[in-house]
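The values are calculated or read from the model by the stated rules, or taken from the named source; none is laboratory data. Remember, it's a predicted structure, so these values are computed and weren't measured experimentally. Neighbour counts run over all protein chains shown; Cβ positions are idealised from the backbone, glycine included. Only protein heavy atoms, including side chains, enter the accessible area calculation; ligands, DNA and RNA are left aside. Shrake-Rupley method; radii C 1.70, N 1.55, O 1.52, S 1.80 Å.
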Amino acid sequence: GNSVTQMEGPVTLSEEAFLTINCTYTATGYPSLFWYVQYPGEGLQLLLKATKADDKGSNKGFEATYRKETTSFHLEKGSVQVSDSAVYFCALLIQGAQKLVFGQGTRLTINP
Amino acid sequence: GAGVSQSPSNKVTEKGKDVELRCDPISGHTALYWYRQSLGQGLEFLIYFQGNSAPDKSGLPSDRFSAERTGGSVSTLTIQRTQQEDSAVYLCASSLYGLSSYNEQFFGPGTRLTVL
């Protein structure tokens, strides 16, 4: 089956620290991979995506590289800000399917 | 422009009661999705509507759950005889066409359901 496993949270960092949130997946076929972010009191928003192996998605200083050999899509940011505090979800979409498969989410808190 | 809206934002109900959750998708979006976000769990797909096609109900957890979409726009998710394990945040999303890696899904803020 298709599944996504994320690094368990919560994760707490100081401002300007380096961030990595791990995400690995199991999929039949060749999925597209996504990171969504849920800020406090808001709906999920697409943060970045990658549609094929070795693609790098990037947005707002965040990056993730689609690694087929390790079935991973780890989220990274070089210097986090307090405003990055949110819940982050890794997800996959199998081509032709009509539903995202999400990981369990990782709560990130950045302290000033 | 307006995003996906959901109502109510919070709903507290007693075990055994029926509840209705509403979703207003972005105008013109043909596809509509319901997900459930339980505490400590990821988002779980429930149901998908696309235009006038029969909905994909494969994610509904039991026959107590049903959903309809009237006129290709507003959708209502109904949970009958609610149980405590139904407590979760119910998220609605819409997309212009069917979901693809190039066709983004936009999410509403969710309805937090608490079953006492």
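Annotations for the structure displayed:
- Taking N as its residue count, the alpha carbon Rg of the protein assembly as shown over 2.2 N^0.38 Å: 1.01
- Summarised in one figure, the compactness ratio Rg/Rh of chain B, Cα atoms and Kirkwood Rh, is 0.95.
- Here is the list for segment B:36-116: trypsin sites (Lys or Arg not before Pro) lying in DSSP coil, each with at most 12 other C-beta atoms within 10 angstrom of its C-beta, are B:Arg81.
- Candidates per GluC sites (Glu not before Pro) in segment B:1-67, loop by DSSP, up to 10 other Cβ within 10 Å: B:Glu14
- For q = 0.14, 0.15 Å⁻¹, Debye-computed log10 I/I(0) when each Cα of segment A:1-55 counts as one equal scatterer: -0.52, -0.59
- Accessible-area order (highest first, 1.4 angstrom probe) of the listed residues A:Phe18, A:Phe102: A:Phe18, A:Phe102
- Heavy atoms of B:Ser58 accessible to a 1.4 Å probe, total area in Å² rounded to 10: 80 Å²
- Estimated Rh, chain A: Kirkwood, alpha-carbon pairs, angstrom: 14.0 Å
- Proximal lysines relative to B:Lys17, as straight alpha-carbon distance under 17 Å, when same-chain residues fewer than 8 apart are discounted: none
- Protein-only accessible surface order, largest first, of A:Tyr39, B:Tyr90 at 1.4 Å: A:Tyr39, B:Tyr90
- Bridgeable lysines around A:Lys49 (alpha carbons under 21 Å apart, same-chain partners fewer than 8 residues away excluded): A:Lys60, A:Lys68, A:Lys77, A:Lys99.
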